[in-house]
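These notes are about the structure you will find just below.
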Amino acid sequence: MAKDFREYLVEGYRTEEFGRVFKELAVGFKLFVSFQASEVHSCTPEETLDDIYGYTHWEVFLRSTTPPIDTPEIGPWMSLREKEWAEPFDRPEFQRAMVGEFIPTGHCQQILEDCIAYAVEKGHIQSEAEIRTLEPDEEIRKTKGCGGCASKKKPAKKQAAAE
């Protein structure tokens, strides 16, 4: 079982317009999860609490780099969409993330655990210890694959073509 998701939460900033914003969690190099709760988020209670353990429901965002999270056949959402917690998630127009509103705390924990399992299965991380928080202005590296065996074959093909 993974560490309580709330232990990963680090406040990124607070504004009147956007409330309190927690930093996003990188679960490997492709999958990112964000748990939010403040007076402007879809959470219970709908206020900014100093004690984050006081929330019973959260607003949750799931996204990936390339491809977008819900790309048929290959996006991470294809592996996550059948989970018990996935039904209330939707991808709002003009967003690249799947968004779930008023997600129960227990489901938030399961979301983190399922994201870890996905990233381990795909070889993006070896363990939960590799989860990291992203700075609000941190640029995310766009990936076109894991850089594994297929990427190693390309130099050999180029070399053979040159001969």
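The values are calculated or read from the model by the stated rules, or taken from the named source; none is laboratory data. Quick caveat: nothing in here was measured; it's all calculated off a predicted structure. Glycine gets a Cβ as well: all are built from the backbone with ideal geometry, and neighbour counts include every protein chain shown. Side chains included, ligands, DNA and RNA excluded: accessible areas come from the protein's heavy atoms. Shrake-Rupley method; radii C 1.70, N 1.55, O 1.52, S 1.80 Å.
For the reader, a short list of remarks on this structure follows.
- Summing Cβ point charges (Lys, Arg +1; Asp, Glu -1) relative to the Cα centre of region 1-150 gives a dipole of roughly 780 debye.
- Residue ranking by accessible heavy-atom surface, 1.4 Å probe, largest first, among GLU59, GLU93, GLU128 comes out as GLU93, GLU128, GLU59.
- Region 5-134, accessible surface, carbon-and-sulfur percent (1.4 angstrom probe): 47 percent
- Sorting ARG20, ARG81 by accessible area puts them as ARG81, ARG20; the probe is 1.4 Å, largest comes first, and only protein heavy atoms count.
- Mean separation of Cα contacts under 8 Å (6+ apart) over length of region 5-134, as relative contact order %: 26 percent
- Figure note: ASP50, ASP114 ranked by solvent-accessible area, largest first, 1.4 Å probe, ligands and nucleic acids not counted: ASP50, ASP114.
- Alpha-carbon gyration tensor eigenvalues x 5, square-rooted, for region 5-134, Å: 23, 16, 14
- Looking at region 5-134, the accessible area is 50 square angstrom per residue; that uses a 1.4 Å probe and ignores ligands, DNA and RNA.
- Other-chain or far-sequence residues with amide H under 5 Å of ARG91's (modelled H): VAL99
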